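Read-outs: derived from the displayed coordinates by stated rules, not from any lab. This is a predicted model, so every value here is computed, not measured. Every residue, glycine as well, gets a Cβ built from its backbone with ideal geometry; the counts of neighbours run over all protein chains shown.
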Amino acid sequence: MESPQTESNIIQPGKPELISTGYCHAVLRWSISDLKTNNIQYFELQYREFKGRKRGNWESVQTGSNQNEYKLQVLKPSTEYEFRVGAVFCQFHKESFECQDGSIQFTVIDLKGGTDYEFKVAAIVNGETVAFSEASQKICTKLSLARTIQLDAKQLIDRGPPQRFKLPVL
């Protein structure tokens with residue numbers, strides 16, 4: 001049996017694209033035009049945080065299915081991230097890969113609001129990374145509701161405790 005890791009069969013999912021984001025989550029989707037979905041056990045989504053000009057270490061989550069959309073819910077508010085994703089195939093996968101047009105979506109949650117993120121997709125065969133997708137554009141989570149209110153609040157009286165604020169109507 002020929003391994004799917006041979007040069008002619010390198011699999012690289014499409015670059016993750018942001019569908020939606022919240023203060024601690026992101027929904028991502030990627031294409032799988034060169035993959036046959038029923039041969040994929042699940043996808044592994046990797047993400048890392050941008051810290052100024054530095055990038056953090058890659059963290060991984062398994063999607064648990066071969067769907068091309070995922071909601072990642074472990075991100076910090078107001079934080080930038082980069083993402084990539086890989087396909088994990090069945091252990092007894094045969095050598096042939098049929099072409100299928102389609103896309104995959106993945107939701108990332110618990111992102112930091114107001115933070116930029118980038119995402120990548122990677123192909124993983126028999127537990128080994130074969131190829132990663134191109135990195136996503138920076139994706140930034142939204143500010144948390146509490147932080148949004150705090151930024152919009154106006155202090156009414158500055159004569160010591162208790163302080164009084166005018167809060168925005170949402």
Residue 58 to residue 166: FRET efficiency via 1/(1 + (r/R0)^6), r the Cβ-Cβ distance, R0 41 Å, to the nearest 0.05?
0.40
Would you mind checking 76/154; 54/166; 15/154; 15/76; 71/166; 15/142 for any pair whose Cα atoms are more than 31 angstrom apart?
54/166; 15/154; 71/166
Counted neighbours (other Cβ, 10 Å), sorted fewest up, put 30, 58 in the order 58, 30
